[in-house]
Amino acid sequence: MFLYSLTLHRATGVVCAAIGSFIGGKSQEIVVASGKSLELLRPDDSGKVVTLHSVEVFGAIRSLVPFRLTGSQKDYLAVGSDSGRLVILEYSKERNCFDKVHQETFGKSGCRRIVPGQFLAVDPKGRALMIAACEKQKLVYVLNRDTVARLTISSPLEAHKSYTITYSITGVDCGFDNPVFAAIELDYSEADRDPTGQAAAEAQKHLTFYELDLGLNHVSRKWSEPIDNGANMLVSVPGGGDGPSGVLVCAENFIIYRNQDHPEVRAVIPRRTDLPEERGVLIVSAATHRQKSMFFFLLQTEYGDVFKVTLEHEGDRVSELKIKYFDTFPVTSAMCVLKAGYLFSASEFGNHALYQFRAIGDGDDVESSSASLMETDEGFQPVFFQPRGLRNLALIDQIESMMPIMDMRVVNLFEEETPQIFTLCGRGPRSTVRILRPGLAINEMAVSQLPGVASAVWTVKKNVNDEFDAYMVVSFPNATLVLSIGETVEEVSDSKFLDTTPSLAVALLGEDSLMQVHPNGIRHIREDGRVNEWRTPGKKTIVKVGSNQLQVVIALSGGELIYFDMDMMGQLMEADKHEMPGDVACLAIAPVPEGRRRSRFLAVGSYDNTIRILSLDPDDGMQVLSVQSVSSPPESLLFLEVKASTGGEDGADHPASLFLNAGLQNGVLFRTVVDMLTGQLSDTRSRFLGLRAPKLFSCMVRGRQAMLCLSSRPWLGYIHQGHFLLTPLSYETLEYAASFSSDQCAEGIVAVAKDQLRVFTIERLGETFNESAIPLRYTPRRFVFLPKRKHLAIIESDKGAFTAEEREALRKECMDAAGVGENGNTGAMENGGEDGEERDEPMTDEQFGYPKAESDKWVSCIRILDPRSRETTCLLELQDNEAAFSICTVNFHDKDNHGTLLAVGTGKGLNFFPKRTVEAGFIHIYKFVDEGRSLELLHKTQVDDVPLALCQFQGRLLAGIGSVLRLYDLGKRKLLRKCENKLFPRTIVSIHTYRDRIYVGDVQESFHYCKYRRDENQLFIFADDTVPRWLTAAHHIDFDTMAGADKFGNIYFARLPQDTSDEIEEDPTGGRIKWEQGKLNGAPNKVEEIVQFHVGDVVSCLQKASLIPGGGDSIIFGTVMGSLGALLAFTSREDVDFFSHLEMHMRQEFPPLCGRDHMAFRSAYFPVKDVIDGDLCEQFPTLPLDMQRKIADELDRTPGEILKKLEDIRNKII
């Protein structure tokens, strides 16, 4: 078995983010690292976050830091990863990609304790860089420039100290003095040698300053002072004339200003009034904003509250440190403040956000200061505040993030053309069920009713230089409606268009004249209002039209073609005629090339399944240049011109090229390249789009020509980052479309569907799926699909939170205490309530999280959700500190009166620290009432551990309770034990069944294959795995094969050898399984691991499914970082050879950006086996053309053939 791995949806969780001017000039961009990919983002003029570039680095990015050499105009990016190398990147605007400037090797690959890469810090003046490990090692590199202003980097200088743990490092701003780096360190040498544990309890953290002496080229420990043991983060304070220098130490409950030869300045972090006493407050992310005259820090706590920190200072002496409540938004992994007045928050879980500053926190909020710090017998006096809605920030854009995906199902629940992917995402109050559909999201601007069913729509400008369209023309079977486009769209009667007949085409001719083609002739409307009319000869009618700016070709009934050309005076003159052998199915003229008077090519589709290219050159007399036979009569033709570009979006140089697209009646889109000199057709590709013949239209997307294909659903063909993508739109069936441009909607599309006119724009290009989200109450754990009613049953649970009733009571209490109204506004508003700007936005749980309860308190609920109406039909909160962990539907074989029941496994009082303990486990059995919309508890059965896996098996219920596999039947008051097996090593986390086989996944010991012998009523383990695996996901593939994923980011397939499987099935008595000797302390037989692949992200769910109609199955997987991927099985040996050779050449010619060896990355824990990395193969189009040709020659192919192969295999998956 050979598999092709492909990422369908990039990871959306952000590990770290950095801000800088990477393109150069005054613009600022944000670089975010999502696990193993790097993205460059920028807010556009309207405040939408746009992805400029994204690249897969095939390694784990751990830290990012931007820096700028003094006097330079742009920033470099230093990346710390698991490659054992420091990589410095520079963004190339011309080629739209990151270039590797330096790659310095210093250690082994992998995330190791003592190999640097976890922490990065840079001198604020860009003179030196420190890269540190979690333990022992720190390396300092000196940065400089050579005579031609290129960045140079020195050999590493060591600043190692054994037995030392590092918590945080930063560069201290000390102007142009020697660079200084600060670190929070803990020396554990004493603790290591003391067996009593007393030294470990007394271990003390230190703040250490390291100085790089540029003259001596040496690093020394300059200063070290003990600090709070709760210290976890350092923030550099501006210096060198802009501020006092030094660092802010963020510790538990305190912010402390520290500098050499300066007393500490300490202030307490304000805490929420409802926070339990035993919980401290830690800072998790920070951002600094600097202007010429002032600076301030924004620090966010682990609860989402953001504080503004300012320093009162004279010269380099700090007199006071102030911490003021600023706003509350979801907890971030990184915050970035942009000079344009934006704040980008990369959320820890859930959607990322872009906020705009409305104020900089000068209002009268709760403030804590070092001057008002009071010490009592019990410690420092806390300062309390009550969170409120956003006041200083306003949310202007969100980036969808599915991190973490907890569970996933692929089901065609809405009976659409393609199945939907249902995912459980998020954590706590930001949890959602997300419904993913393959395709681009649509933003519907307007829908208006038409007087009848329209057949076509066009938009035209009055002049070629106009920015916006002037008229919208809608054709009906017996009339034409003309609408003018302005502030509003309204009907006009003085447009000179003929409105008593249907129209076949409406277009702008030349610079300023309009043309209307109707069945009986051509109407040419000049700019001065004169109308020229050309009538059809005899009783013939016009059936098809093709036109560009200066040429028109019409096809009359019977197959006669008449060609019109616009002369220098702006008159439309008949230039040539041509008789076709039969009726014409469709026409298209290529666009006029730049600097030419006319286009040379006319494409004619005929009902004899051919497409002909005719010459429109006056000397050629409409001769046929080439003929292409196709599988079905063509319905629609469209020429698309890709202009020549040097260093385009993908960094490569592209010659001008002309593509001919044909929509065939069998629903296939046929695409071919037209030779610009000879008109010969080559490099043909086809793709099935839907059950209707695609109609093709040209439109503008992001200022570039694109193609809209209307089949049983709409598709968009466009170029994105150098790739041609053909993606469905998530919209209903449309009949006819045209591009639309007005001052309200610069790049839209207008379309007709039955008797409605629709105007829409296309959102976020380059995405594979669009999402719709349904909010949940707690962190979702698992869900099952209820096929009869098409509902979902979801279990949710959270630790350390209050139930809904307790939360409501707490909120009322807090509101009453603060005198606040229900929506979060104070009863007596400031400024007499007149100033609407000052009003806070209402508080939501998604924004500021749930109040924190004691850490051992659980809340949980069971939800029945109807995804079609998006409503929750039943919500049961569990009581008595119970939490749900597993769920399945079950039909008990002799209990037909109950029908399908729902089994839920719960645990009571589950604790993980200091040791895993549980008071009791339960299995709840619910029956469906109210036509499956609601649940009623039949009974619950107490068991001795948490049931983490439940599954139906032969009309009974299988439960994995700790290390015991138990078979239950339904009793009247509780479940009845029928059979059990206690021989599993650790904890059962997954159960799958097929016929009489049971496939059990153990949390630490991979898969166990079991068999149930009904006559003896016994469960036997007959095979297991030789490799210990920490299972995170499992899925049944076939009778002998299981797919699994472990917590280190590997996917593997385990298969029972065929001869062993046959022996077990042919054993009539079962005696062989029963008495056979175990091997390696386990089962008598061992499974083989036939597939190994390191994904680089923890896989949380697996499913075998097909995402395209009529397509083969692939394994779809979801990860903790929010990405979706697929593994497709190859069907031919030839494809395996081709792609494995392509992958090999890509490894050699295009090594990963961050220095990780690709083969080593994919084999991080186990050597990669029988999987080809599609993500690496898909980087082939981004290579320079000469390198593409070199690889293609090695493979005995052309670059076009390789691209076609890549496109074909992608189309088999999605």
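Quick rundown of the values:
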| read-out | value |
| --- | --- |
| Nearest-20 debye value, the stretch 1-59 charge dipole, Cβ charges on Lys, Arg, Asp, Glu | 60 debye |
| Alpha-carbon gyration tensor eigenvalues x 5, square-rooted, for the stretch 218-264, Å | 19, 15, 10 |
| Cα gyration tensor, the stretch 864-1000 - rounded (a/c under 1.5), prolate or oblate | oblate |
| Gyration tensor over alpha-carbon atoms, the stretch 340-498, equivalent ellipsoid semi-axes in Å | 54, 28, 12 |
| Tensor-based shape of the stretch 945-1064 (alpha-carbon gyration tensor, a/c under 1.5 rounded, otherwise prolate or oblate) | oblate |
| Rounded to the nearest 20 debye, dipole of the chain from Cβ charges on Lys, Arg, Asp, Glu | 2180 debye |
| Sum of side-chain charges, G909 neighbourhood, beta-carbon under 12 Å (Lys, Arg +1; Asp, Glu -1) | -1 |
| Charge dipole of the chain about the Cα centre (unit charges at C-beta), most positive-ward option of G230, V32, L1183 | L1183 |
| Size of the stretch 1066-1161 as Cα extents on the principal axes (Å, biggest first) | 57, 38, 34 |
| Charge context of A1160, other residues only, Cβ under 13 angstrom, K/R +1, D/E -1 | +2 |
| Relative packing of peptides 1159-1167, 1043-1051, 577-585 - highest average C-beta neighbours within 10 Å first | 1043-1051, 1159-1167, 577-585 |
| Given charges at beta-carbon only (K, R positive; D, E negative), |dipole| of the stretch 999-1131 in Debye | 360 debye |
| Highest average packing first - 220-227, 633-640, Cβ atoms within 10 Å | 633-640, 220-227 |
| Among M130, S189, L151 the positive-end extreme of the charge dipole of the stretch 121-192 (Cβ point charges) | L151 |
| Rg/Rh ratio calculated on Cα atoms of the chain (Kirkwood radius) | 0.99 |
| At least 20 Å along the helix axis (C-alpha) and Kyte average at least 1.6, DSSP helices within the chain | none |
| Sequence of R600, R1147 once ranked by neighbouring C-beta atoms within 10 Å, starting from the fewest | R1147, R600 |
| H723/Q623 FRET efficiency (R0 56 Å; Cβ-Cβ; nearest 0.05) | 0.95 |
| Residue (of W1030, F1150, P43) at the positive-pole extreme of the chain, dipole from beta-carbon charges | W1030 |
| Highest average packing first - 379-391, 772-784, Cβ atoms within 10 Å | 772-784, 379-391 |
| Compactness of the stretch 515-622 as Cα Rg over 2.2 N^0.38 Å, two decimals | 1.05 |
| For D1002, net neighbour charge (Lys/Arg +1, Asp/Glu -1) across residues whose Cβ lies under 10 Å away | -1 |
| Estimated FRET transfer efficiency (R764, D1135; beta-carbon r; R0 30 Å; 0.05) | 0.40 |
| Spherically averaged projected area of the stretch 1-107 from its Cα convex hull (nm²) | 8.9 nm² |
| Spherically averaged projected area in nm², based on the convex hull that wraps the Cα atoms of the stretch 729-813 | 11.8 nm² |
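Throughout, read-outs are computed from the coordinates displayed, never taken from laboratory work. Keep in mind that this is a model prediction, so the values were computed, not measured. Note that we place each Cβ from the backbone using ideal geometry, even for glycine, and neighbour counts take in every protein chain shown.
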